[in-house]
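To keep things clear, I will list the structure first and then write my remarks on it.
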Amino acid sequence: MAGQKILRYVVSVFFNYLKYFYTINSALSLIHSYARSFQIGLKLICARFNKRDPFLVSALVLLSIGLLSTDSIDIANAEMYIELSPTKGVPGSLITVSGWGFTNNTKATIIFDRYPIDEAFVNADGTFTKIITIPTDAEEGYHRIIGNDGTSAIDAILTVTPPPSITVSHGHAEVGSTIIVSGSNFGSGKIITIKFDGITVTTIPSNLLSSNTGIFSTTISVPSTSGGSHKISATDGVLVAAEVINIREPAAITLSETSGPVGRMVTITGKGFSPNTPIVIKFDSSKL
């Protein structure tokens, strides 16, 4: 009766596996990578014990199904495969899906985890190429991109990464002042371009590269511009992040009269000064 106990145990494990299937993407990736080896090995075991204990055979078959039946299609077809370029991206970014070995002159459904998101026409040679958009609500982590031609299917693993972001050292600055711009979650070892209101500015260092982990830090000078809100952005050629900075107008005064006799009244108008602060007026070095 050992086989019956094993069968009950495997049934329990199998249903628990289904219960938590969609919360363990990274573990599934490993299982799918070796699915064909599992299947072949289990077939050999079944053949070995076929005449000894039918319950054990049933248990092993059920275990094989539990490992391989993530969909109602064969995802371990060694004759077909797909590639992703790039293999990681942020929600909303574009990924090229290329497939080989599919049924020719058919439509292949592109599936993100469990959900169909696009279709691609399969050429006469069994290949296809399709550009897809990573769903904007995709969570960070590993996800399956599946190509299904209605008969067979195959998957590849896509890594969804956090969107890039930048920070500036000062929320307020003046024309000519220097600020530090720092970024994270950009591509590894990429050339970073900094723009102020869409115009590229000089950075220190001039050859700005992201690190292996996608971070960078640089110093820029605020170019001549008007006061108010302005946008600083950073891009690695694919990923873009932006932050808003408020630029104060340079402090300046104007005089209603630029010449006149002693005793004449002159109106002084100022702008670009800090709000709600006392203003000191001097004539040469003498306080008025």
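Yes/no per residue for (1) in the same structural domain as Gly141 (by TED's automatic domain parsing); (2) in a loop (DSSP other than H, G, I, E, B); (3) touching a residue at least 12 places away in the same chain (Cβ under 8 Å); (4) surrounded by fewer than 13 Cβ atoms within 10 Å (Cβ to Cβ):
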site: His170; (1), (2), (3), (4): no, yes, yes, no
site: Ile180; (1), (2), (3), (4): no, no, yes, no
site: Gly189; (1), (2), (3), (4): no, yes, yes, yes
site: Lys195; (1), (2), (3), (4): no, no, yes, no
Glu119 vs (1) touching a Phe, Trp or Tyr at 6+ places or on another chain (Cβ under 9 Å); (2) more than 26 Å from Ile215 (Cα to Cα); (3) of a type outside the set (Gly, Ala, Ser): all pass except (1)
Could you count how many residues in the range 218-239 are assigned to a loop (DSSP other than H, G, I, E, B) and without any contact (Cβ under 8 Å) to a residue 24 or more places away in the chain? 1
Scan the range 235-246 and tell me whether some residue there is touching an Asp or Glu at 6+ places or on another chain (Cβ under 9 Å), closer than 30 Å to Thr159 by Cβ and among the polar types (S, T, N, Q). no
Within the range 265-279, is even one residue touching a Gly at 6+ places or on another chain (Cβ under 6 Å) and without any contact (Cβ under 8 Å) to a residue 24 or more places away in the chain? no
Could you tell me whether any residue of the range 222-241 is surrounded by 15 or more Cβ atoms within 10 Å (Cβ to Cβ), of a type in the set (Asp, Glu) and modelled with pLDDT of 90 or more? yes
Just to verify a result, which residue in the range 149-162, among those that are of a type outside the set (Gly, Ala, Ser) and not in a strand (DSSP E or B), is surrounded by the most Cβ atoms within 10 Å (Cβ to Cβ)? Asp149
In the range 131-154, what residues are under 25 Å from Thr103 (Cβ atoms), out of contact with any strand residue (DSSP E or B) (no Cβ under 7 Å at 6 or more places or on another chain) and not hydroxyl-bearing (Ser, Thr, Tyr)? Gly150
Would you say Pro261 is outside the structural domain of Gly89 (by TED's automatic domain parsing) and farther than 22 Å from Ile166 by Cβ? yes
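The values are calculated or read from the model by the stated rules, or taken from the named source; none is laboratory data. Model, not experiment: these values are computed from the prediction. Quick reminder, even Gly has a Cβ in these numbers, built from the backbone with ideal geometry, and neighbours come from all protein chains shown.
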